[in-house]
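Okay, structure first, notes after.
The values are calculated or read from the model by the stated rules, or taken from the named source; none is laboratory data. Keep in mind the model is a prediction, meaning the values are calculated, not measured. Glycine gets a Cβ as well: all are built from the backbone with ideal geometry, and neighbour counts include every protein chain shown. Just so you know, the surface numbers come from the protein's heavy atoms only, side chains and all, with ligands and any DNA or RNA stripped out. Shrake-Rupley method; radii C 1.70, N 1.55, O 1.52, S 1.80 Å.
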Amino acid sequence: PGVPRHTNRLINEKSPYLLQHAHNPVDWYPWGQEAFDKAKRENKVIFLSVGYSTCHWCHVMEEESFKSKEIGEIMNKHFVCIKVDREERPDVDKVYMTFVQATSGGGGWPMSVWLTPDLKPFAGGTYFPPEDRFHRVGFRTVLLRIAEQWEENKDALLESSHRILEALRQTSEIRVQGQESPPPSKEVMDTCFQQLSRSYDEDYGGFSQAPKFPTPVNLNFLFTYWALHQTTPEGARALQMALHTLKMMAHGGIHDHIGQGFHRYSTDQHWHVPHFEKMLYDQGQLAAVYSRAFQISGDEFFASVAHDILLYVSRDLSDQVGGFYSAEDADSYPTTTSEEKREGAFCVWEAKELQALLPDPVEGATEGTTLGDVFMHHYGVKESGNVDPMQDPHEELKGKNVLIAQCSPELTAARFGLEPGRLDALLQECRHRLCTARAQRPRPHLDSKMLAAWNGLMISGFAQAGAALAEQGYVQRAAQAAAFLRRHLFDPNSGRLLRSCYRGKDNSVEQSAVPIQGFLEDYVFVIQALFDLYEASLEQDWLEWALHLQHMQDKLFWDPKGFAYFSSEAGDPSLLLRLKGDQDGAEPTANSVTVINLLRAACYSGHMDWVEKAGQILAAFSERLQKIPIALPEMARATGIFHHTLKQVVICGDPQGEDTKEMLHCVHSVFSPNKVLMLADGDSAGFLYRQLPFLESLERKDGKATAYLCSSFTCSLPVTSAQELRGMLSP
């Protein structure tokens, strides 16, 4: 490429997204005081552009507009231009996305917002083409119009921005109304189930027609609804909806059959043609969901998908020091000599390519059958490509195939006269060869930023899979990542989490000059991860750290007047609004997850004020939970668990004893959403005994590992057989 013509301030940043824009002819600033001061000093409008490094349309807008010398000159002349990585600064992103959604009815990235010098928004949108097109105004036109308006109607724009901000402040406020108590659990759970049931796709699973997202929050809700209604037709339907959705996703093109892991979402109803980026938060949540599906059904298919996800993350999203990277891009160069990236290029196949890679005749099959014939039939490959042109508006996938398991193994085997058991080995051989061939292609961009929140979700994925699938290696990987967080994303002096760190040269871990402090979601997802890791490993250090972080979360984010937690802490003058997330989407919102965190924290510590806080959060969101719980399925699930109260499952025994291990295996093999597990190992000086004095009164019966089921620290009669324990664990 040679020496870049332009270099701006973003060259000094650590974020992969900001570095992507460091050589634009735009005089970009990072979010910060230098840019704000310049806007005030020169009385200029701020142009704020928010995106992330694996965002397809962010790349498009950069290529079309931010790399244009002419558009760059307009931007530099009339505006102070600021770039924000939404994954580094979700607080900034959320404030201005709230504005864009309220004023345009939609949202997404790249987000483009124009602000007054005191940071109040007055115009905004998402992607703009560079020039005017049919029914769409061009970016150049918008820039010139706004510059003209600022020159001629500045007072009107300032007045408008003030009114907009006040309206946003009022409409975005979530607070408890009067003496409100938590909403009735049965109503909330039943309404959420009915709303999901109505939106469910009976044929292909999922909860919309297109596009289709994995939404683990919906599946987790359905599993909990089933667990609390196992003997009812509604419970049976909830389980069927969740398991069918998971099977259809795993068979679909949203699942990478060659390189493992899941893509972001499907552009069609059939889970076939995905948007190809891969996000860490999806892998973490889906590994946990597929592990739960195995726990409930005993079907090895679900276990194999969980293994597949964790293989992908271990190989492609893992830092050598122990953390997890954020994402892989959708776009890449088709070949080493290509000059233009294409979406999905790393993952798609031409029929002739597959035939050339899989030419071997298959012994015992119908005469003349090759490996390629079997593989192409099973994965829906067509000579002319299998992508509907409607799903490929830019013709990037023309003549290509996105693999989708269209036949059951039995049908494919019968088609070629093979034994079903033999087919599995043949398909595995084919996938291995294609994986080797694909490794020769240029890889998509890797976002090697490491975020506390998303690492938390991935630690939960490894820990829960390790427990449910009895894979100690997964538990060890989770512990390695938790140790990474404590070393690189936690400040022991202040006791606070940091948001992000970055892969440096020679596999070092780097921090930005002014580290970004952790947000609510960082605390919530890390605390959840530490509880999951304690239950999988029974190492009490993780429990102690989790409870410390919960106290810190209360101190930094709790709203004592309106209840629930703010997403960001007080005291940042550049943040116009302190918001509370009110939607469980690709990730659950932090207040939803923290309800169950608080209940677990109370069980492990005896601090019952955390139970009160959990109830106050549900009260603050009561109206939304009663009207549209489908917007908060994770919080609806938490409502059920809050009202059923958590059971403390206490195993008294030697951690190394076979009888103790059998008891623990029993607990891990049963899906019981309203339980917490603890091991009473007899060490009265240990952290858990100091927190919970009642453990001193529990003892082993007849010298054997013994289980107690406790509620509010009052315990049942002891049991010493795993079979009896299994019966006690039913919700």
Starting with the highest mean, order 214-225, 475-486, 646-657 by the number of other Cβ atoms within 10 Å, averaged over the residues of each peptide. 214-225, 475-486, 646-657
Going 7 Å from the Cα of Glu383 along its beta-carbon direction, which residues of region 348-371 have the amide nitrogen within less than 14 Å of the resulting point? 351-353, 355
So how do Arg315, Arg578, Arg637, Arg433 rank on accessible area, 1.4 Å probe, biggest first, that is with the largest at the start? Arg315, Arg578, Arg433, Arg637
I'm a student and want to see the number: the projected area of the Cα convex hull of the chain, averaged over all directions, in nm². 33.8
With every protein chain left in place, what is the accessible area of Glu363 in Å² (1.4 Å probe, nearest 10)? 150
For region 648-729, divide the Cα radius of gyration by the Kirkwood radius and give the resulting Rg/Rh value with two decimals. 0.92
Residues whose placed amide H lies under 5 Å from that of Asp268, excluding near-sequence neighbours: Lys212, Val273
Name the long-range amide H neighbours of Val80: under 5 Å, sequence gap of 5 or more, or other chain; modelled H, no Pro or chain starts. Val45, Ile46, Phe47
Assuming R0 = 30 Å, what is the FRET efficiency of Phe134 and Ser208, from their Cβ-Cβ distance, to the nearest 0.05? 0.60
Hey, if we sort Ile309, Ile628 by accessible area with the 1.4 Å probe, largest down, what's the order? Ile628, Ile309
Provide Rg over Rh for region 198-291; use the alpha carbon set for both Rg and the Kirkwood Rh (inverse mean inverse pair distance). 0.98
At 1.4 Å probe size, with no ligands or nucleic acids counted, give the accessible surface of Leu709 in Å², nearest ten. 30
D for region 227-346, whole µm²/s, Stokes-Einstein with Kirkwood Rh over alpha-carbon pairs at 10 °C and 1.306 mPa s: what number? 101
Backbone HN-Hα couplings from phi across region 155-161 [Karplus 6.51/-1.76/1.60, Hz, Gly and Pro as x]: 4, 5, 5, 5, 5, 4, 5
For Arg422 and Arg443, what does the FRET efficiency come to when R0 = 30 Å and r is the distance between their Cβ atoms, rounded to the nearest 0.05? 0.35
Put a dot 7 Å past each Cα toward the Cβ at Val514 and Glu300; how far apart are the dots in nm? 5.7
Column: log10 I(q)/I(0), Debye, Cα scatterers of region 10-172, q = 0.08 Å⁻¹: -0.21
From most to least accessible, 1.4 Å probe, no ligand or DNA/RNA atoms counted, Glu148, Glu419 line up as Glu419, Glu148
Report the equivalent ellipsoid semi-axes for region 581-712 in whole Å, largest first, defined as the square roots of five times the eigenvalues of the gyration tensor built from alpha carbon atoms. 33, 16, 11
Using only the Cα atoms of region 463-578, each taken as one equal point scatterer with no solvent, compute I(q) by the Debye sum, divide by I(0), and report log10 of the ratio at q = 0.24 Å⁻¹. -1.33
Could you work out what % of the accessible surface of the chain is carbon and sulfur, using a 1.4 angstrom probe and leaving DNA, RNA and ligands out of the count? 49
Roughly how many debye, to the nearest 20, is the charge dipole of the chain about its Cα centre, given +1 on each Lys and Arg Cβ, -1 on each Asp and Glu Cβ, and no other charges? 1060
Calculate, in nm to one decimal, what Val3 and Thr171 gain on full extension: separation in residues at 0.36 nm each, minus their alpha carbon distance. 55.5 nm
Once the piece of chain linking Gln230 and Lys77 is laid out straight, how much longer is it, given 0.36 nm per residue of separation minus the C-alpha distance between them? 48.6 nm
Placing each pseudo-label 7 Å from Cα in the direction of the beta carbon, Arg41 and Ser199 end up separated by a distance in nanometres of 4.9
Roughly how big is region 681-731's charge dipole about its Cα centre, with Cβ charges of +1 (Lys, Arg) and -1 (Asp, Glu), in debye to the nearest 20? 120
With x for Gly and Pro, the residue-by-residue ³J(HN,Hα) of region 605-620, computed from phi through the Karplus equation 6.51 cos²θ - 1.76 cosθ + 1.60 at θ = phi - 60° and given in whole Hz, is 10, x, 7, 6, 5, 5, 5, 4, 4, 4, x, 5, 5, 4, 5, 5
Alpha carbon Rg of region 347-440, scaled by the compact-globule rule 2.2 N^0.38 Å: 1.10
Per residue, accessible area of the chain with a 1.4 Å probe, heavy atoms of protein chains only, in Å², comes to 41
Neighbourhood charge, 12 Å Cβ-Cβ cut-off, centred on Phe302 and excluding it, Lys, Arg +1 and Asp, Glu -1: -1
What FRET efficiency comes out for the pair Gln583/Glu363, r = Cβ-Cβ distance, R0 = 56 Å, nearest 0.05? 0.55
Taking every DSSP bridge whose two residues both lie in region 648-729, the antiparallel percent to the nearest 5 is 65
Segment Glu151-Ala483, length gained on full extension (0.36 nm per residue, minus Cα span): 114.1 nm
Counting only helical runs of four or more DSSP H residues, what would the 222 nm mean residue ellipticity of the chain come to if each run contributes -39,500 (n - 2.57) and the total is spread over all its residues? -14500 deg cm²/dmol
Can you give me the solvent accessible area of Leu426 with a 1.4 Å probe, rounded to the nearest 10 Å²? 30
